[in-house]
Amino acid sequence: MGSSADPVPVAVALGSNLGDRASHLRAAIAAITPFLQDLKVSTFIDTAPVGVGDQPRFLNGVAVGTTHLSPSQLLQALLDAEAALGRTRPSPGAARTVDLDLILYGDRVIAAPDLVVPHPRFREREFVLAPLAEVAGDWVDPVTGSSARELLLAVRSRGNRTPKRVLVLGGSYFIGRTLVERLQADGHDVSVLNRGSRVVPGVGQLVANRDRPDEMARALTGASFDWVMDMSCYTAEQAAGARTALGGRFGTWLYLSTAAVYPGGSDVPFSEDDVGPGREWEEYGWNKLGAERELVHQADAGQQLVIVRPPYVYGPLNTLPREKWLWARMLQGRHIWMPRQGSTRLHFVHVADLVDAMVLTTSRATAPVSIFNVAQRETPTILEYLTLLGEIAGVAPRLYEVDSAALEIDPRSFFPFRDFQCLLNTDLLAHSAGWRARYDMREGLTHTLATLDPDALRAADVELAVEGRLLASIGDG
């Protein structure tokens, strides 16, 4: 990725715990000035070392400014500055003359092997949040939606909370990754269990294939947790395997289910008792409902089971080709094919709102089994949704109706959502837990687009296998 055409606001954490710490930090500020403009530097604070063993105390601060460097270029510039100022790395976490960490890069969310932005642990570190709040208190974390000032208050109030030992099944991607970062920010002791193909920073890593009960049992031998939060269960067999492997060594089990356990096509929002997937969801809905029923069957006295059912989830780090895919086609000037007249209504929830609901219902669980729908208030039609995406991206989408039945084409082959309504009633969650969505559709989608790279969207491969047939159907082939 090349340099940014427009200046991007960035936040860099400063630290030193060797020699003349203040002089080292002043030298660091001078070293970053050539590539960070409009620099504003916080007061330096003296802090105890955190997570690095028996070391001298630190002097910490934060510098915020703007840059034309790309994230990778900025990371390398910071590493070069550290090296020029005598930083060595004889061992992980060793004492250092100067430490320069990239905390925030605009509204971008980056999860690359050599760079994670926002910094994965900044939400739990008062020595970063306090100086950040001093110079940029209104800066909003693009993952949690909380400002630096709000994150600092949360950290400082954590003394009134009891940290939990939490096991997240999954946790590497999108919803699971957002959940892990929220739990870390809340001060909980988090472990993840997955295949280990993607490292999740700052957590305990357990490796197992959940389709192999023997691996699950070995990975969880002797382990116990206050909360288990299952992000990666798709069948009754997987639910039973995880539940059996852990035995009764947990307090509350949360299962991330789906609105696909409801039949599609109704104009009336479904309540939690209206289960029974229709043919529209194929096996996916029945398998998720089977997993729910297995967990309910295994529920024990003295423990709690919480099931949450979201509709379509969107937001930063979404790995599914939905809003990101549609924006890419819009920015490339491609046709946007929509089923029929785009009159089908869709229901969504922003990933941060979903995570809020999961943490809230788990922390307040008292009943043996609780089931909640989680969704935003709006239910836009497909046409309204696509129009809103275009407005936020600043483009006029080229919308075309497709009679998929006449063309004998599955709507999913050209549109990323199913062409039937599945709307949720969220009154139970609002009344019993006091939950409400922080984001409306415009705010949530604006927040999401701000985390994406427009150049990458314009270069993305979004070709459809049925593109030729669709173009021919409108005489544009």
In deg cm²/dmol and to the nearest 500, what is the mean residue ellipticity at 222 nm of the chain if only DSSP H runs of at least 4 residues count, each as -39500 (n - 2.57), divided by the residue total?
-10000 deg cm²/dmol
Highest mean packing first, using Cβ neighbours within 10 angstrom, the peptides 438-445, 107-114, 28-35, 56-63 sort as 56-63, 438-445, 28-35, 107-114
Could you give me the ³J(HN,Hα) list for the range 443-450, computed from phi with Karplus coefficients 6.51, -1.76, 1.60 and θ = phi - 60°, whole Hz, x at Gly and Pro?
4, x, 6, 4, 4, 5, 4, 5
For the range 358-477, the Cα-Cα pair-distance distribution in 10 Å bins from 0, as whole percents, is 10, 29, 30, 20, 10, 2, 0
Given a cut-off of under 8 Å on Cα pairs at least six residues apart, what relative contact order in percent is computed for the range 331-442?
47 percent
If each Cα of the range 61-104 is one equal point scatterer, what is log10 of I(q)/I(0) from the Debye formula at q = 0.17, 0.20, 0.28 Å⁻¹?
-0.53, -0.71, -1.13
What translational diffusion coefficient, in µm²/s and rounded to a whole number, does the Stokes-Einstein relation yield for the range 167-256 at 25 °C and a viscosity of 0.890 mPa s, taking the hydrodynamic radius as the Kirkwood radius over Cα pairs?
190 µm²/s
Taking amide H positions as placed 1.01 Å from N in the peptide plane, with prolines and chain starts having none, which residues 5 or more places from residue 322, or on another chain, fall under 5 Å of its amide H?
none
Leaving out ligands, DNA and RNA, and with a 1.4 Å probe, what % of the accessible surface on the chain is carbon or sulfur?
51 percent
What accessible area per residue, rounded to a whole number of Å², is obtained for the chain using a probe radius of 1.4 Å?
42 Å²
Given the convex hull of the Cα atoms of the chain, what is a quarter of its surface area in nm²?
23.9 nm²
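Mind ordering 311-321, 342-352 by average Cβ neighbours within 10 Å, highest first? Before the final figure, lay out each step's value.
Details: 311-321: 19.7, 342-352: 22.3.
Top to bottom by mean Cβ count within 10 Å: 342-352, 311-321.
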For all pairs of alpha-carbon atoms in the range 291-386, what percent lies in each bin of width 10 Å, listed from the first bin to the last filled one?
13, 34, 27, 17, 8, 1
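Applying a 10 Å radius around every beta-carbon, put 183-193, 275-285 in order of their mean neighbour count, most first.
183-193, 275-285
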Hey, what angle do you get for helix 382-393 against the long axis of the chain, alpha-carbon based, 0 to 90 degrees rounded to 10?
20 degrees
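The values are calculated or read from the model by the stated rules, or taken from the named source; none is laboratory data. Keep in mind that this is a model prediction, so the values were computed, not measured. Cβ atoms come from the backbone with ideal geometry, glycine included; neighbour counts cover every protein chain shown. Remember, those area values only see protein heavy atoms, side chains included, never the ligands or the DNA or RNA. Shrake-Rupley method; radii C 1.70, N 1.55, O 1.52, S 1.80 Å.
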